[in-house]
């Protein structure tokens, strides 16, 4: 079955393009266009009063969608921001530390938001960062848990699905057991798991761990819709804070620094709400078409299997597939390591085949807007590589 009609605007914008970078910039479905229009119309119709609708209707709808998708069942623990970097700043500003520097444990496979910021803070001595090597992958969770259990850190930050390799960290519940409001805090970067893995944050972890995600990738909603699950009792007064953190009670006496009693305590200042409108519209589209994360993942798995079989004997068959297909949860992309990765990416782009290269790793992202004919065209383009 083809789901391309749900993405007609994006696909018709460049009919000859083969877009296999859904893990990077997921094509927008038609529903997101309707969400964008709705945001504009509300701003025109309601003007100053639009915030009553945004915070009273649009925001709670998005919270409920996220809580259900994560498997937490707690919309009050969900808050939104323009990007996940904003949340990293607020979390760090609130995280307890035992001396002048925040002692951070992370991996060497984190996404740029965290990698760059922690490295820069470490340069100035604000952060003491320890990285656990992601490779060898098969022992990563065990090695990471060993260091996390040492008691040497104030903040423990790790990706659920590593963006460079597509490997999944499966010890989230065990890691969350280490968290305490007085420290250490546990933050799970779930950007490559949210709406890619069914209920990626269910179980006991939400009671004590933070979770980061966003709408840019598999949520299909584009920029401006970053997501934070903030566990109750952690970080009641972030030092980096905007006036929306006390939005629920603007009648506080002058000079009072108030905070929302729920996850809203991690809010910043004025933001563009159109990402929330798009996200809600996409979720309605999925419900209307009875599409779930599990069913989309099954569609993607079929395409991935067809692709791996189709590239046998090509240049790609000599590359190292960092995240081989198996029976368990799998990333929505395949990561191929080879010294020729950059050249392959450039050659495919010249053929209007969009993939993604990080160093010596070429990533191919699969999505619901692709079908078997697209996979066959991609394999054909790869067979032409020299």
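A few points about this structure:
- Subset of region 363-380 [surrounded by fewer than 24 Cβ atoms within 10 Å (Cβ to Cβ) and either assigned to a loop (DSSP other than H, G, I, E, B) or out of contact with any helix residue (DSSP H, G or I) (no Cβ under 9 Å at 6 or more places or on another chain) (or both)]: 369, 371, 373, 377
Each row is one residue, and each column tells you yes or no for (1) assigned by TED's automatic domain parsing to the domain that holds residue 128; (2) closer than 19 Å to residue 278 by Cα; (3) surrounded by 16 or more Cβ atoms within 10 Å (Cβ to Cβ).
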| residue | (1), (2), (3) |
| --- | --- |
| 25 | no, yes, no |
| 49 | yes, no, no |
| 86 | yes, no, yes |
| 90 | yes, no, yes |
| 94 | yes, no, yes |
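- Residue, surrounded by the most Cβ atoms within 10 Å (Cβ to Cβ), within region 96-105, restricted to residues that are over 16 Å from residue 181 (Cβ atoms) and in contact with a helix residue (DSSP H, G or I) (Cβ under 7 Å, 6 or more places away or on another chain): 104
- Residue match in region 228-246 (condition: closer than 22 Å to residue 137 by Cβ, free of Cβ contacts under 8 Å to residues at least 60 places away in the same chain and in a helix (DSSP H, G or I)): no
- Scan of region 154-183 for residues that are under 14 Å from residue 209 (Cβ atoms), in a loop (DSSP other than H, G, I, E, B) and within 13 Å of the chain's Cα centre (by Cα), ordered by number: 160
- Region 309-332 - residue that is under 25 Å from the mean Cα position of the chain (by Cα) and within 21 Å of residue 369 (Cα to Cα) and, of those, modelled with the lowest pLDDT: 329
- Out of 193, 134, one residue alone is closer than 20 Å to residue 78 by Cβ and either at pLDDT 95 or above or touching a strand residue (DSSP E or B) at 6+ places or on another chain (Cβ under 6 Å) (or both). It is 193.
- In summary, residue 108 fulfils each of the numbered conditions (1) in contact with a strand residue (DSSP E or B) (Cβ under 8 Å, 6 or more places away or on another chain); (2) touching a residue at least 40 places away in the same chain (Cβ under 8 Å) with the single exception of condition (2).
- Of the helices (runs of 4 or more DSSP H) entirely within region 1-89, those holding at least 3 residues that are in contact (Cβ under 8 Å) with a residue 40 or more places away in the chain occupy 30-46, 59-70.
- Within the option set 169, 144, 140, 80, being under 24 Å from residue 223 (Cα atoms) and in the same structural domain as residue 190 (by TED's automatic domain parsing) holds for one residue only, 80.
- Selection of region 346-362 for residues being within 25 Å of the chain's Cα centre (by Cα) and either assigned to a loop (DSSP other than H, G, I, E, B) or touching a residue at least 24 places away in the same chain (Cβ under 8 Å) (or both) yields 353, 354, 355, 356, 358, 359, 360, 361, 362.
- Only listed residue being buried (at least 16 other Cβ atoms within 10 Å of the Cβ) and more than 23 Å from the chain's Cα centre (by Cα), chosen from 14, 74, 30, 42: 42
- Residue 213 vs. criteria assigned to a strand (DSSP E or B) and closer than 24 Å to residue 298 by Cα: yes
- Residue in region 268-289 that is touching a helix residue (DSSP H, G or I) at 6+ places or on another chain (Cβ under 6 Å), over 30 Å from residue 6 (Cα atoms) and not assigned by TED's automatic domain parsing to the domain that holds residue 341 present: yes
- Members of region 316-328 that are part of a helix (DSSP H, G or I), touching a residue at least 24 places away in the same chain (Cβ under 8 Å) and surrounded by fewer than 18 Cβ atoms within 10 Å (Cβ to Cβ): none
- One residue from 239, 260, 245, 294 being surrounded by fewer than 15 Cβ atoms within 10 Å (Cβ to Cβ) and over 26 Å from residue 217 (Cα atoms): 239
- When 323, 352 are screened for being within 27 Å of residue 14 (Cα to Cα) and in the same structural domain as residue 12 (by TED's automatic domain parsing), only 352 passes.
- Residue in region 329-345 that is part of a loop (DSSP other than H, G, I, E, B), surrounded by fewer than 20 Cβ atoms within 10 Å (Cβ to Cβ) and touching a residue at least 40 places away in the same chain (Cβ under 8 Å) present: yes
The values are calculated or read from the model by the stated rules, or taken from the named source; none is laboratory data. Since the structure is predicted, the reported quantities are computational estimates derived from the model, not experimental observations. With ideal geometry, Cβ positions are generated from the backbone for all residues, glycine too; neighbour counts draw on all protein chains shown.
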